[in-house]
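Everything on this sheet refers to the single structure shown next.
The values are calculated or read from the model by the stated rules, or taken from the named source; none is laboratory data. From a predicted model like this one, the values you see are computed outputs, not experimental measurements. Backbone-built Cβ (ideal geometry, glycine too); neighbour counts: all protein chains shown.
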Amino acid sequence: MKPKHLTVIIVAIAACCSSRTHAQTAATDSLAMYRVQIDSLDKQLIEILGRRMQVVDAVGKYKALHNIPALQQNRFDALLQKNIALGKAFNLSATLITEVYNAIHKESLGKEASVGAPAKQ
């Protein structure tokens, strides 16, 4: 094989590998962009949960002062149903909403109890 043919083959292989690397880089850059968005949304979720727990703290103190039990099952059930309906508008399953709100509710009851709200009346 003549050196000229070898050069053509090497250039062709380099172009092939270069375009594959470029496509992989573009995909990685796109994935990184999505991950940045997800990280930002996760940060917002945590901030909102933190602010929510501050309100729960105030509610717990109010309940303690007025001898109102931490658990208000009717309130929780209504809140859960409302948010399941809201979640449907965002294509979120009832299972996801239920699991998230059960976790939030459990934490909220613990927070209210920690500031003196009675468990039961």
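Taking residues in segment 46-69 that are over 11 Å from residue 116 (Cβ atoms), and partners anywhere that are exposed (fewer than 11 other Cβ atoms within 10 Å of the Cβ), the pairs with Cβ atoms closer than 7 Å and at least 6 places apart or on different chains are 69/119; 69/120; 69/121. Which residues, taken from segment 92-121, are of a type in the set (Phe, Trp, Tyr) and at pLDDT below 95? Scanning segment 92-121 gives no hits. Picking from residues in segment 81-121 that are within 14 Å of the chain's Cα centre (by Cα) and hydrophobic (A, V, I, L, M, F, W, C), the one that is nearest to residue 63 (Cα to Cα) is 104. Quick one: is residue 89 of a type outside the set (Asp, Glu), at pLDDT 95 or above and loosely packed, with under 11 Cβ neighbours inside 10 Å? Yes; evaluated as a whole, the condition is true for this residue.
On the basis of being surrounded by 11 or more Cβ atoms within 10 Å (Cβ to Cβ), of a type outside the set (Ser, Thr, Tyr) and over 15 Å from the mean Cα position of the chain (by Cα), does residue 71 make the cut?
It is true that residue 71 is surrounded by 11 or more Cβ atoms within 10 Å (Cβ to Cβ), of a type outside the set (Ser, Thr, Tyr) and over 15 Å from the mean Cα position of the chain (by Cα).
In segment 93-117, the residues that are surrounded by fewer than 15 Cβ atoms within 10 Å (Cβ to Cβ) form Cβ pairs under 6 Å with partners that are not hydroxyl-bearing (Ser, Thr, Tyr), at six or more places apart or across chains, as follows: 94/84; 116/64.
To keep it simple, each residue is scored yes or no on (1) modelled with pLDDT of 70 or more; (2) over 30 Å from residue 100 (Cα atoms).
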| position | (1), (2) |
| --- | --- |
| 7 | no, yes |
| 14 | no, yes |
| 17 | no, yes |
| 21 | no, yes |
| 27 | yes, yes |
| 30 | yes, no |
| 37 | yes, no |
